[in-house]
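In what follows, a single structure is set out as structure tokens and then discussed.
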Amino acid sequence: MEKQEKKLFADFQPVSTEAWEAQLQKDLKGADYAKKLIWKTNEGIDVKPYYRAEDLEPIAWLRSLPDMFPFVRGNKQKGNNWLVRQDLKVDNVKAANEKALDLLMKGVDALGFELGCHKTYTLEEIELLLKNIRADIAELNFFSTPMHVELVQMLEKLVTKYNRPLDKVQGSINYDPLARLLRRGIWHKNEKADFETAAALIKAAKNLPHLRVIGVNGHVFTNAGANIVQEMAFSLALGAEYLSRLTDLGLFVGDISPRLKFNLAVGSNYFMEIAKLRAYRLLWANITNAYGLNDANNGKMNMHLTNATYNLSLYDPYVNMLRTTTSSMSAILGGTDSLTVLPFDVPYETPTAFAERIARNQQLILKEESYFDKVADPAAGSYYIESLTDSLIKAAWDLFLEIQEKGGYLEAVKQGFIQEQIKEAAQKRDMQIASRREIILGTNQYPNAGEQIKQNLPADVFEADNRRSESAIVDTIATYRGAQAFEKMRYETDVYSRDNKRPLVWMLTYGNLAMRKARAGFASSFFASAGYAIQDNLGFDSIEEGIEAAKASKAEIVVLCSSDEEYEGNAQKAFEALSADQIVVLAGYPAAQMEALKAAGIQHFIHVKSNLLATLQGFQKALGIVNH
């Protein structure tokens, strides 16, 4: 038979954008297209309901290849391999070495050593820490240490002693006085000396060309509540500040940029996070190029990603595995150079061996079984992700330029501009979480009502990590988890219930089947967020029957669940019969009856526009769980 080649979907006629829009307007039946179908992100970016090839026409980088300037498509010409990193705390040098060797046998190829922040290590101790670890094979990263230049010198001595090729050693010394200033409000020594130390680090590492000695710790912005555009602009401005100050000290940009390591956090906004990493690389390549690169490869951004802690939860902690898996997928598809997956129990304890094993295996499965390392820039050509990348580039660049107009990152910090921006963004997100416009699964939506915490937890689990020094010279930022306010409230209920009856929320369901089920489900999730016991009911034949059953339940809170129409008369009857001994709550917002219901004495209404956190905090006081 004669071969016939036919294009896929050739039988279907092309549909123009105008035709799509006309059909959408028809289906919307006069509703506002922008309000119904266009999603505005926290970054102020309008996300359309669909994208087409024509959306890519103005994007210039589509003709570039992976490993080609401006590196939006990644730093690797082929494949998408990344380093699997696990961090470990060095409390005991010998024990840390044994654990590191064990990790290397379990698939890890990058190690992060958290050294003692007030300890001075000897050459012998560092040698013991790295005993039997091939420095030319495993990436070695050190952080939380006051030793910087000394540590670089020790590494060179040890690598030379054991005859390892200096040009094969990869790793980092996380020296970042600018991020320290923002978190603690103080320098290591002073402004001039700290930048001189940065320059000395680069010179000290001249024989270790792949040792990155300056960190750009953009994760602090993310975990303090900044949105993605802010995180990008502030991180890029921080990196640019190092370029400016170190070139002023006589160093060449081509010697500075390859020594920077961007330590970033990846959150749960799946596609936006993929686009973020692609946008980061393009912007950094253009920034470094503006300083006069003589080799385009020196404009590559080296980035290490860790899951954001902002969206991790204390309650229902196994959900954290899902959060870290999806955000890790974003990091990998976006082209990270290395990745640390956080253990699911990190919000409330020193991670267990089990939690660390799960975290390690999450990315090993993505690499070895899901083949995420095989394709360079798998997001290339996606109408949606390419458009998001372009939008983030424009928005982050505008904010970056605004910072530069203020004199650069350091001046913006001294003026309080960056701190104010982050705190405003964090307050906005706090309000969204409180009102359930931003969902933290298991915390402010679909909580596990049967879960209880019976052990005593330290107070700092529920507080922001504020590292401000008493001698701070600038305003500072604190990192925290978005769920902490809800968790503190629920934990207070758990502690109260150790010696008292756990408050019971009882659903008085009657009338319209669909409405009573929907409102009972809503109310159950609403009150379970505070850790109360929940009792739903199949429904009562009359309001009188429901009232009698509610009295017999001895519940602290009774929630009326029915339709707006059936609340008329019945709600007031139930309130008058129950309110002397129980708190009566109405599920819904029957606008036409509100004045009459309030006049009858009903004070508590819960609905989709309620501030969940503030409402539940009010019930905590009313029930005597807290008195503050």
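Please compute the contact order of region 495-622 in relative form: average sequence separation of alpha-carbon pairs under 8 Å and at least six residues apart, divided by the residue count, as a percent. Each step should come with its number before you reach the end.
On the way: 181 pairs, mean separation 33.1, N = 128.
Normalised by residue count, the contact order of region 495-622 is 26 percent.
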Which of 416, 344, 376, positive extreme of dipole for region 321-442 (C-beta unit charges): 344
15 Å Cα-Cα reach of residue 48 towards aspartates and glutamates, excluding residues that sit fewer than 8 places from it in its own chain: 18, 21, 32, 386, 390
For region 252-258, 3J(HN,Hα) per residue [Karplus equation, 6.51 cos²θ - 1.76 cosθ + 1.60, θ = phi - 60°, Hz, x = Gly/Pro]: 8, 4, x, 9, 8, 4, x
Assigned charges on the beta-carbon of Lys, Arg, Asp, Glu; region 79-405 dipole about Cα centre (debye): 500 debye
Ranked by how many other beta carbons lie within 10 Å on average, peptides 138-147, 328-337 from highest: 328-337, 138-147
Length-normalised contact order for region 79-405 - Cα pairs under 8 Å, 6+ apart - percent: 18 percent
Packing-based ranking, highest mean first, of 558-568, 215-225, 432-442 given that Cβ atoms within 10 Å are counted: 215-225, 558-568, 432-442
Packing-based ranking, highest mean first, of 358-368, 112-122, 47-57 given that Cβ atoms within 10 Å are counted: 358-368, 112-122, 47-57
Acute angle (nearest 10 degrees) that the helix 319-334 long axis makes with the longest principal axis of the chain, alpha-carbon atoms: 40 degrees
DSSP bridge orientation in region 230-376 - percent antiparallel, rounded to nearest 5: 0 percent
Filter on 454/573; 168/406; 89/414; 7/78; 131/261 - keep pairs with C-alpha separation over 31 Å: 454/573; 168/406; 89/414
Relative contact order (percent, whole number), the chain, Cα cutoff 8 Å, 6+ residue spacing: 13 percent
Estimated FRET transfer efficiency when R0 is 25 angstrom, pair residue 15-residue 38 (beta carbons, to 0.05): 0.80
Options (i) 0.95; (ii) 1.11; (iii) 1.07 - which one matches Cα Rg over 2.2 N^0.38 Å as calculated here: (ii)
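Only the coordinates and a few stated rules stand behind these numbers; no lab work does. All of these numbers come straight from a predicted model, not from anything done at the bench. Ideal geometry is used to build each Cβ from the backbone, glycine not excepted, and the neighbour counts take in all protein chains shown.
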